[in-house]
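Heads up: the structure comes next, in structure tokens.
The values are calculated or read from the model by the stated rules, or taken from the named source; none is laboratory data. In this text, all values refer to a predicted model and were calculated from it rather than measured experimentally. Here the Cβ positions follow ideal geometry from the backbone for every residue, glycine too, while neighbour counts run over all protein chains shown.
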Amino acid sequence: MCGIVGYIGQRDAFPIIINGLKRLEYRGYDSAGLALFDQELIYKKTKGKVADLEQLFKSVEDKKGQIGLGHTRWATHGEPNDINAHPHVSNSGNLVIVHNGIIENYEPIKQTLLNRGYQFNSDTDTEVLVNLIEDVMQKEQVGLGKAVQIALNEVVGAYAIVVFNRQKPDEIVMARLGSPLAIGIGKDEYFIASDATPFIEFTKNAMYLEDEQMAIIKKGKEPDIRNIKDDRKIVPYIQELQMSLDQIEKGGYEHFMLKEIYEQPDVIRDTMRGRVLPEQNLIKLSGIDNHLNKFLNADRMIMIGAGTSWHAGLVGEYLFEELARIPVEVEYSSEFRYRNPIIKENDIVIPISQSGETADTLAAIKLAKQKNAFIYAICNVVGSSIPRESDSGTYTHAGPEIGVASTKAFTTQVMVMAMMALKLAKEKGTISMSEYNMYLSELASMPEKIEKTLQTDLYIQQVAHHYKDATNALYLGRGFNFPVALEGALKLKEISYIHAEGYPAAEMKHGPIALIDENMPVFVIATKKGQYEKVISNIQEIKSRKGKIIAIVTEGDEQVKNLADHVIEIPETVEAFTPLLATIPLQLLSYYIAVYRGCNVDQPRNLAKSVTVE
Ligand code: M6R
């Protein structure tokens with residue numbers, strides 16, 4: 001969480017940093033701050049959004065400087081207010097820092113510094129860190145880079161930090177452990193950011209710091225990259241970014257979330273491109289091809305993830321078990337990492353993550369690696385920490401997802417697992433060739449079917465308007481659609497703040513049925529394939545308790561239409577691929593309900609897109 005932007009070069013730093021922070025606001029948006037140096041250090045910070053911060057920089061004088069750094073915060077230590085906002089400045093006024101992460105042992109360090117006469121204005125761990133660095137500089141008589149290194153060897157926790165010294169404004173020092181940092185390399189200039197989006201229009205050349213690495217960057221010089229622990233020099237690996245500017249803009253949509261919902265047909269095509277080849281009866285996934293024996297001999301797969309990615313893992317469980325007959329367990333990474341999970345030689349651990357930076361998932365991978373597991377990542381952000389920590393994997397190619405509510409990330413994750421399961425089913429002979437061909441051509445037809453599903457948009461707006469004032473909602477599904485119910489409920493609660501629960505439909509009578517009355521909307525996935533008749537019985541049970549039924553049904557369905565208050569049709573498909581379609585109306589419903597309630601759809605309260613703290 002928290003977004004960081006820094007710049008050093010020949011241009012005015014202010015517009016680069018402020019625009020960069022706007023792009024990183026998805027990472028946290030409870031307060032923001034920015035520091036620049038020209039003849040003197042100017043820094044301003046405020047509770048609120050980056051737009052509020054921008055207002056504080058009024059005069060041309062305020063905006064001067066070719067070195068600077070900025071921060072958009074998701075509070076961990078200290079409430080979101082002006083004082084706790086970053087940047088933080090050391091007691092001498094020389095050092096200025098921004099930080100993403102948590103310094104766990106900040107209290108004893110703070111106490112030592114207090115005893116040495118330091119004073120603190122904020123409640124943050126970051127202010128402690130910048131003063132620790134200053135203290136090291138003074139005690140050891142070393143420069144900023146060395147002091148950062150010594151200080152970081154004293155701290156426990158996670159960090160991405162960027163810091164400069166107003167007395168030596170030709171260098172910026174940065175370091176990373178657990179929170180991402182990218183460096184954009186221009187001609188005689190450097191851009192620093194939590195991801196590459198703030199500098200995409202300036203340079204395509206970027207490098208990413210690895211954990212336990214730091215960099216000292218000076219105008220016109222090669223970055224000096226070192227291992228924090230042992231000072232070993234690291235040769236930078238510079239890569240070419242594939243991202244384009246229009247991918248990270250709204251493109252005429254009112255919100256990123258709506259844009260991303262509508263991108264699904266195209267990004268699903270991208271996920272399949274060069275991989276799903278029906279004319280050759282082939283699914284090509286180099287990650288699997290390179291480790292085919294591992295997959296063929298797998299006794300078990302363990303999916304780990306958080307939030308929506310965990311829901312995708314649940315769909316994966318149904319897919320791998322049904323098609324490839326491989327037993328699957330699905331775990332929250334936050335639970336997995338603190339258990340002592342039993343991992344055997346022939347197990348494959350599959351982390352699933354949009355951002356590739358989720359702290360719990362990263363920690364779970366590290367634990368699995370210690371236990372010698374083979375790690376196969378399903379991830380969206382190319383070059384992010386999770387794929388880098390994994391042995392192999394498949395990128396989802398969903399493109400940047402900026403809305404905090406995950407949409408296209410989910411469907412592309414499911415698509416990757418559908419491809420994997422089908423490929424393995426063929427290799428293992430767990431389905432017949434004719435079944436394989438049928439599934440393959442069905443998979444290839446998904447983008448068109450998603451396009452058709454999106455045509456329900458206008459009707460969904462009406463339905464959403466009807467239920468916009470609900471205070472609770474229930475989502476029910478069975479089999480492959482049980483995780484879809486969970487995902488529908490998560491989407492509604494996180495952006496509209498309506499309390500919502502997802503349940504396997506048959507579980508309703510073991511408790512949740514007590515909640516049903518005429519005010520309770522119940523969203524039921526009641527598609528023809530799967531346990532259709534059983535779901536109809538569940539619908540009857542809701543109806544006899546006067547609950548309001550909104551059903552997602554297969555095109556042309558008449559039976560549910562007669563029972564439900566509203567029906568939303570999706571194209572027919574095999575049960576295994578229904579989640580790819582049934583999820584879409586639930587995304588749209590949540591989106592429109594949140595819009596009608598006046599909620600901030602792309603930046604819901606208390607949330608951040610990328611959860612880089614545990
Ligand atoms: O980047 P990741 O996929 O690892 O993120 C996992 C969750 O934080 C994420 O899915 C979260 O639950 C979303 N806000 C859901 O819409």
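Before moving on, here are some points about what is shown:
Every residue, every condition in (1) without any contact (Cβ under 8 Å) to a residue 12 or more places away in the chain; (2) under 22 Å from Gln213 (Cα atoms), yes or no:
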residue: Thr112; (1), (2): yes, no
residue: Asp123; (1), (2): no, no
residue: Ile133; (1), (2): no, yes
residue: Val136; (1), (2): no, yes
residue: Glu140; (1), (2): yes, yes
residue: Ile150; (1), (2): no, yes
residue: Val173; (1), (2): no, yes
residue: Leu177; (1), (2): no, yes
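- Among the residues of region 112-138, those that are out of contact with any Leu (no Cβ under 6 Å at 6 or more places or on another chain), over 15 Å from Cys2 (Cβ atoms), among the polar types (S, T, N, Q) and not in a loop (DSSP other than H, G, I, E, B) comprise Thr112, Asn115, Gln138.
- Top-ranked residue of region 275-314 - restricted to ones that are farther than 17 Å from Asn380 by Cα and part of a loop (DSSP other than H, G, I, E, B), ranked as farthest from the ligand (Cβ to nearest atom): Asn281
- Residue in region 55-73 that is on the phi > 0 side of the Ramachandran plot and surrounded by fewer than 17 Cβ atoms within 10 Å (Cβ to Cβ) present: no
- Checked against the criterion of being in contact with a Lys or Arg (Cβ under 9 Å, 6 or more places away or on another chain) and in contact (Cβ under 8 Å) with a residue 24 or more places away in the chain, the candidates Thr46, Thr72 yield just one match: Thr72.
- Subset tally (residues that are closer than 20 Å to Ile288 by Cβ and part of a strand (DSSP E or B)) for region 315-349: 6
- The set of residues in region 76-99 being at pLDDT below 95 and either on the phi > 0 side of the Ramachandran plot or outside the structural domain of Ile192 (by TED's automatic domain parsing) (or both) consists of Gly78 alone.
- Look at region 590-613: where a residue is farther than 14 Å from Glu25 by Cα and among the small types (Gly, Ala, Ser) and a partner is at pLDDT 85 or above and in a loop (DSSP other than H, G, I, E, B), sitting 6+ places away or on another chain with Cβ atoms under 7 Å, you get Ala594/Val601.
- Cross-chain or 6+ apart pairs with Cβ under 9 Å, region 381-408 first and free of Cβ contacts under 8 Å to residues at least 40 places away in the same chain, then in a loop (DSSP other than H, G, I, E, B) and away from the ligand (no atom under 13 Å from the Cβ): Glu389/Asp211; Tyr395/Val382
- Filtered residue count, region 488-506, keeping only those that are assigned to a helix (DSSP H, G or I), touching a Phe, Trp or Tyr at 6+ places or on another chain (Cβ under 9 Å) and away from the ligand (no atom under 13 Å from the Cβ): 1
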